[in-house]
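See below for the structure under consideration.
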Amino acid sequence: MIKINGKQIELGHFPDGTLLLKSNIKELACDDSITIKWNYENNEELVALYFLTNNIKASGFKNIILDMPYIPNARQDRVKNDEDVFTLKYFAQMLNSLSFSEVRVLDAHSNVSLALIDNVKLVSPKEYIYKVIEKIKGDNAENPLMFYPDEGASKRYSGMIPLPYCFGIKNRDWSTGQIKSLSVSGEVDRIKGNNVLIVDDICSFGGTFYFSAQKLTELGAKKIYLFISHCEKSILNGKLINCELINKIYTTDSIYNCENKKIEIVTL
């Protein structure tokens with residue numbers, strides 16, 4: 001979904017399938033700057049972004065901000081052999097060619113993304129995590145115990161959220177990438193009888209969080225909740241969504257726009 005200064009742009013098509021775009025830039029502009037909001041849904045939007053940005057520039061605007069909470073292609077942030085295509089690098093090159101005055105991203109999955117994109121500004125998810133904490137606290141006003149699925153997430157969020165926490169240590173089968181087991185470190189003695197909030201940046205099918213919730217349940221957690229900054233639609237095809245281990249899943253609308261009774265969207 002693409003919006004220009006708050007107005008959604010419809011992606012129309014000619015009979016041959018190419019994009020048909022309409023945007024009255026002068027009508028949408030409220031000052032000398034333009035903000036393009038891009039909540040990623042598909043790769044066709046990248047082509048639309050390219051066309052729309054060049055149209056804005058042709059209309060005389062130079063201060064163009066791209067608000068792009070989720071960074072597409074961030075999973076391909078390295079190449080291991082000659083067959084791999086470094087799509088993140090080329091995606092960043094396309095963005096950089098548009099000379100945005102600022103590119104705002106939320107809780108970037110890869111630091112490589114931040115290094116490759118010009119004029120990037122990293123937005124913290126702290127505000128949204130605290131909104132979820134307030135929802136969980138409810139009437140008893142007790143903060144949940146924080147849980148981070150691995151040491152990387154622990155380093156990322158523990159300084160941001162000054163609450164007691166534990167973190168997971170994953171044992172993987174590196175030939176398949178599958179998680180074989182998970183152990184817990186940190187303030188483990190706080191788990192039993194307490195609500196726990198798992199926090200991380202991105203979720204695909206939810207395997208990591210499924211194993212985390214299993215372990216937390218074994219250790220006596222009362223209720224388990226999950227917040228992820230970016231939730232891919234593939235979560236609906238994983239076993240996490242149908243299990244009884246997690247009471248509620250919270251995510252932003254950076255890429256997730258489906259309806260599911262177990263998932264609550266926190267609007268950016």
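All of the numbers you see were taken from the coordinates with simple rules; none came from a lab. Computed from a predicted model, the values in this text were never measured in an experiment. Note that we place each Cβ from the backbone using ideal geometry, even for glycine, and neighbour counts take in every protein chain shown.
Below, the figures for the structure above:
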item	result
Gain in span if fully extended, Lys80 to Ala141, counting 0.36 nm per residue against the direct Cα distance	17.1 nm
Over 18 Å between alpha carbons, listed pairs Lys22/Lys121; Lys80/Lys233; Lys233/Lys261	Lys22/Lys121; Lys80/Lys233
Dipole magnitude of the chain, debye to nearest 20 (Cβ charges: Lys/Arg +1, Asp/Glu -1, about Cα centre)	460 debye
DSSP-defined antiparallel bridges as percent of all bridges, the chain, nearest 5	30 percent
Tensor-based shape of segment 45-201 (alpha-carbon gyration tensor, a/c under 1.5 rounded, otherwise prolate or oblate)	oblate
For Val120, residues with placed amide H under 5 Å, excluding near neighbours	Val103
In sequence order, calculated HN-Hα J values of segment 246-262 (Karplus, 6.51, -1.76, 1.60; Hz; x Gly/Pro)	10, 6, 8, 10, 10, 8, 7, 8, 4, 9, 8, 9, 8, 10, 7, 4, 8
Given charges at beta-carbon only (K, R positive; D, E negative), |dipole| of segment 30-91 in Debye	160 debye
GNM result for the chain, Cα springs below 10 Å: residue of Asp107, Asp201, Asp189 fluctuating most strongly	Asp189
Top of Asp253, Asp16, Asp118 by mean-square fluctuation, Gaussian network on the chain, Cα under 10 Å	Asp16
C-alpha center-to-center spacing [segment 54-86, segment 1-23] in angstrom	18 Å
Proximal lysines to Lys223, defined as alpha-carbon separation beneath 16 angstrom and excluding residues fewer than eight positions away on the same chain	Lys135, Lys137, Lys192, Lys215, Lys248, Lys262
Prolate/oblate/rounded call for segment 2-123, Cα gyration tensor, a/c under 1.5 rounded	oblate
DSSP-defined beta bridges in segment 2-123 - what % are antiparallel, rounded to 5	35 percent
Per-residue HN-Hα couplings for segment 44-52 [Karplus 6.51, -1.76, 1.60; θ = phi - 60°; Hz; x = Gly/Pro]	4, 5, 5, 5, 4, 4, 4, 5, 5
Gain upon complete extension [Lys222, Leu19; 0.36 nm per residue less C-alpha separation]	68.0 nm
Contact order normalised by residue count of segment 126-266, Cα under 8 Å, 6+ apart, percent	19 percent
Calculated semi-axes √(5λ) of the Cα gyration tensor in Å (choose from (1) 35, 19, 19; (2) 33, 24, 19; (3) 37, 21, 17), label	(3)
Net lengthening on full extension, Arg190/Glu27 (0.36 nm per residue, minus Cα-Cα)	53.1 nm
Max mean-square fluctuation residue, GNM over the chain, Cα-Cα springs under 10 Å, options Phe86, Phe100, Phe167	Phe86
5 angstrom amide H check on Phe61, placed H, neighbours 5+ away	none
Charge dipole of segment 97-253 about the Cα centre (unit charges at C-beta), most positive-ward option of Gly207, Gly220, Cys166	Gly220
